[in-house]
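One structure is given below, encoded as C-alpha cells.
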Amino acid sequence: MTTAMTNPRTRPRPRVRRKTVAATAVLLSVTAGCAGAQPSGAPAAARHEKPAAHEKTAAPVPSSAGGAAAHSERRGFTLVASGDVLPHASIIRQAQADAATTGKGGGYDFGPMLSGAKPVVFAADLAICHMETVYGPDGGPYTGYPSFKSPPQIAGALRETGYDSCSTASNHTLDDGMDGLRRTLDALDKAGVKHAGSARSAEEAARPTLLKAGGATVAHLAYTYGTNADPLPSGQSWAVNLIDEEKIVTDARAAREAGADVVVVSMHWGTEWQTELDQQQLDLARSMTASARDGRPDVDLVIGTHVHAPQAYEKVNGTWVVYGMGDQIAGDMINNKGVFDPRGNQGTIGRFTFVPPAKPGGRWEVEKAEYLPHWFNTATGRVVNLNAAIERGENLTAVRDEIRQAVLGRGADKDGLVMGK
C-alpha cells in the first residue's frame with residue numbers, strides 16, 4: 001500500500017467571514033488508492049434509460065401562481081444525494097478490469113462498481129452526486145492522487161446509475177487547469193448529467209442549474225472551500241464557485257427568480273477525517289438556513305462532502321443539513337495520521353421526500369428524511385447497500401452501526417430522521 005505522508009498541494013483551511021470565506025493552508029492527506037483484491041467479475045446491473053430530470057414532467061406552475069386548480073397539479077418528489085466520487089488509481093484499474101469483463105467500450109466501465117447504489121438512485125425523482133475529480137483526455141493518461149485525471153467514461157456510468165446532476169466544485173476542480181474543467185463538463189453534458197459549481201464561461205456560471213422533479217423546479221448550487229494550491233485562472237474567477245456566504249444567498253435568490261421552487265446547496269467543506277463538525281460548517285449552516293426573504297427561506301436543503309468520513313445530519317432553523325455524506329467511491333484511504341482509515345469507504349445516501357406547499361408561494365417541505373448507509377468494498381470494487389447486505393446475512397452490522405453513530409451524532413432522529421432501505 002502506498003501512503004502519502006506529505007502533500008505538496010496545500011489545502012486552505014477556511015475561516016467564516018460575512019462576505020467571503022478566506023483560507024489558510026492545511027495538509028492534504030489522502031492516499032493514492034491501493035490495489036485491492038482482483039475484481040469479482042460481477043456483471044453490471046441491467047441498464048435502462050432514465051429520463052433526464054428536466055424531461056420527467058411538464059413545466060411546473062410557478063410558485064407565485066394562485067388558484068386551487070394550479071396548486072392541485074403540484075406533486076411531491078423524492079431527492080437523493082450521495083458523497084464523493086473519488087477515483088484513485090486502484091479505482092481506475094478496477095474500472096479497466098470490469099470493462100474487460102462486461103465488454104463495455106472505451107476501456108473503462110464504472111457501472112458495476114456503482115450497481116449497488118443503482119436501485120436507490122434510479123428510483124428517486126431527482127438524484128445528485130458529487131464528482132470530486134476532473135476528467136483526462138480520451139485515451140488518457142489517467143491519474144489518481146494527488147493530481148487527479150479520471151477516465152471520462154465515469155460520466156456515462158453516473159447517468160446509467162440514475163444521477164441527474166453532480167456538484168463539480170471541489171479542491172480538485174483545477175487539478176488539470178481549465179482544460180480538465182472543460183473536459184469534465186463536456187463529458188457530463190454528453191452523458192446527459194447536469195452539473196453545478198464550475199463553469200466554462202461567465203455566462204454559464206451566472207445561470208442556475210435547474211431541474212424538474214415531480215411538480216417542482218429544483219435549483220442545484222455548489223461551492224468549495226478552495227482549490228488546493230491551484231489559483232483561479234486570471235480573469236476567470238467565475239470558473240469555480242468558492243464558499244462565500246453572501247454569494248450563496250445571492251445565488252439562491254437568483255435561482256428563485258429564475259423559477260426554482262426548491263434550492264439545494266452542495267457544500268465541499270469541513271476538516272478532513274474529522275467526524276465532529278468544524279466551526280465553519282456550524283456557522284455557515286446556521287446563517288444559510290436562517291436567510292430568508294418575504295418569510296420564505298432562501299435554502300431548502302444543504303448537502304455536504306469532502307471530509308472522507310460520515311458526518312451528522314441535522315435540522316437547522318427548520319432546514320435539513322447533511323454535513324458530510326462520506327465517500328461513495330474511493331480507494332483504500334490513509335488519514336492524516338498516516339494510517340489506513342476504514343471511514344474513508346463509509347458513506348450515506350440521503351433521501352428527502354418533498355411535498356408541495358400548503359398554499360401558493362409557500363415553502364416545499366420535507367415530509368420524510370432518511371439516510372441509507374453505504375460502504376465501498378475495496379476488495380471487490382463495489383458499492384454496498386449495507387441494509388441489503390445485512391439482510392443477505394453479511395457480517396457488516398458493525399460498519400452500519402459506526403455510520404449510524406456519526407449520522408445521529410447531533411440528535412437528528414429526534415427531528416424525524418430515519419434509516420431507509
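If you go through region 199-244, how many residues are part of a strand (DSSP E or B) and over 24 Å from V80 (Cβ atoms)?
Number of matching residues: 4.
Return a yes/no flag: does region 360-369 have any residue that is within 21 Å of V307 (Cβ to Cβ) and not β-branched (V, I, T).
yes
Consider D175 carefully, then state whether it is under 22 Å from T143 (Cα atoms), without any contact (Cβ under 8 Å) to a residue 60 or more places away in the chain, buried (at least 22 other Cβ atoms within 10 Å of the Cβ) and in contact with a strand residue (DSSP E or B) (Cβ under 9 Å, 6 or more places away or on another chain).
Yes, satisfied.
Out of region 113-162, which residues are free of Cβ contacts under 8 Å to residues at least 60 places away in the same chain and basic (K, R)?
Within region 113-162, K149 is the sole residue that qualifies.
Conditions tested, residue by residue: (1) of a type in the set (F, W, Y); (2) surrounded by fewer than 18 Cβ atoms within 10 Å (Cβ to Cβ); (3) closer than 28 Å to D125 by Cα.
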{"position": "R183", "(1), (2), (3)": "no, no, yes"}
{"position": "A187", "(1), (2), (3)": "no, no, yes"}
{"position": "V193", "(1), (2), (3)": "no, no, yes"}
{"position": "S198", "(1), (2), (3)": "no, no, yes"}
{"position": "A206", "(1), (2), (3)": "no, yes, yes"}
{"position": "A219", "(1), (2), (3)": "no, no, yes"}
{"position": "Y225", "(1), (2), (3)": "yes, no, no"}
{"position": "Q236", "(1), (2), (3)": "no, yes, no"}
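Hey, among the residues in region 321-345 that are over 18 Å from H268 (Cβ atoms) and assigned to a strand (DSSP E or B), which one's nearest to the chain's Cα centre (by Cα)?
So, considering only residues that are over 18 Å from H268 (Cβ atoms) and assigned to a strand (DSSP E or B), the one nearest to the chain's Cα centre (by Cα) is I334.
Is there any pair with a first residue in region 319-331 that is more than 27 Å from S90 (Cβ to Cβ) and in contact (Cβ under 8 Å) with a residue 12 or more places away in the chain and a second that is in a loop (DSSP other than H, G, I, E, B) and among the acidic types (D, E) whose Cβ atoms are under 7 Å apart and which are 6 or more apart or on different chains, and what are they?
Every condition considered, the pairs that remain are T319/D300.
Considering region 292-312 alone, what residues qualify as being touching a helix residue (DSSP H, G or I) at 6+ places or on another chain (Cβ under 7 Å), farther than 18 Å from L372 by Cα and buried (at least 19 other Cβ atoms within 10 Å of the Cβ)?
Hits for region 292-312 are D298, V299.
Restricting attention to region 329-346, does a residue exist that is closer than 19 Å to A196 by Cα and buried (at least 19 other Cβ atoms within 10 Å of the Cβ)?
no
For residues that are modelled with pLDDT under 70 and within 21 Å of T143 (Cβ to Cβ), tally how many sit in region 60-110.
Of the residues in that region, 0 qualify.
Looking at this structure, is K212 among the basic types (K, R) and within 14 Å of the chain's Cα centre (by Cα)?
No; evaluated as a whole, the condition is false for this residue.
The values are calculated or read from the model by the stated rules, or taken from the named source; none is laboratory data. This is a predicted model, so every value here is computed, not measured. Every residue, glycine as well, gets a Cβ built from its backbone with ideal geometry; the counts of neighbours run over all protein chains shown.
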